[in-house]
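Contents: one structure, followed by commentary.
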Amino acid sequence: MLEKTAFREKAIRALKRGKQEIAALLLGIRDLLQDEDKASVETLDTTLNTGQILEYSGKFDDAKQVFGMIKLAFHQADQKLAEQASHSVQYAKKWLGVIGKKIEIQGIHMEGTPFDLGKVQGESRPGRFLGHVVGALVRRISRRESHL
């Protein structure tokens, strides 16, 4: 039985030790995914998690390689598992495709003023975005309370 925590620790150790350890980790993932007896939800979850750890650590090419191996390995799995793997890999690759690119989030605040978060550079976009949303909600709640 595969233990997700043990595999996660192996990935973290590889990141700390460098390129050779990451290469060995990728070979281990390849070997695991080539074993048809291991094609399970647990294996999918563990290998996806390893790819995410690589992604979060800035090893984008290695993460893409893991996601590619997962896609190939689960292509022949039973239909439900194959669909789950395909969907997960597609989402992961889509996420990797936007890292480092300029975001374009535009819209209208609840009070009717326009916003364009893509023009805000050097600021914490999620924090600023949440500030806009929370501020608008507070104003809306205040207006409702004043009508009661």
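The values are calculated or read from the model by the stated rules, or taken from the named source; none is laboratory data. Note that the structure is a prediction, hence the values are computed from the model and not measured. As a convention, Cβ positions derive from the backbone with ideal geometry for all residues, glycine included, and neighbour counts pool all protein chains shown.
Selection within the stretch 8-41: residues that are of a type in the set (Gly, Ala, Ser) and not in a helix (DSSP H, G or I). The member of this set that is surrounded by the most Cβ atoms within 10 Å (Cβ to Cβ) is ALA39.
Does THR5 satisfy the condition of being under 29 Å from GLN79 (Cβ atoms) and of a type in the set (Ser, Thr, Tyr)? No; evaluated as a whole, the condition is false for this residue. Could you tell me whether any residue of the stretch 111-123 is hydroxyl-bearing (Ser, Thr, Tyr), part of a loop (DSSP other than H, G, I, E, B) and either outside the structural domain of GLY51 (by TED's automatic domain parsing) or modelled with pLDDT of 75 or more (or both)? Taking every residue of the stretch 111-123 in turn, at least one turns out to be hydroxyl-bearing (Ser, Thr, Tyr), part of a loop (DSSP other than H, G, I, E, B) and either outside the structural domain of GLY51 (by TED's automatic domain parsing) or modelled with pLDDT of 75 or more (or both). From the list ALA92, ALA77, ALA63, the one residue that fits, being buried (at least 17 other Cβ atoms within 10 Å of the Cβ), hydrophobic (A, V, I, L, M, F, W, C), more than 12 Å from the chain's Cα centre (by Cα) and more than 12 Å from PHE7 (Cβ to Cβ), is ALA77.
In the stretch 42-60, what residues are closer than 13 Å to LEU15 by Cα, surrounded by fewer than 16 Cβ atoms within 10 Å (Cβ to Cβ) and in contact with a helix residue (DSSP H, G or I) (Cβ under 8 Å, 6 or more places away or on another chain)?
PHE60
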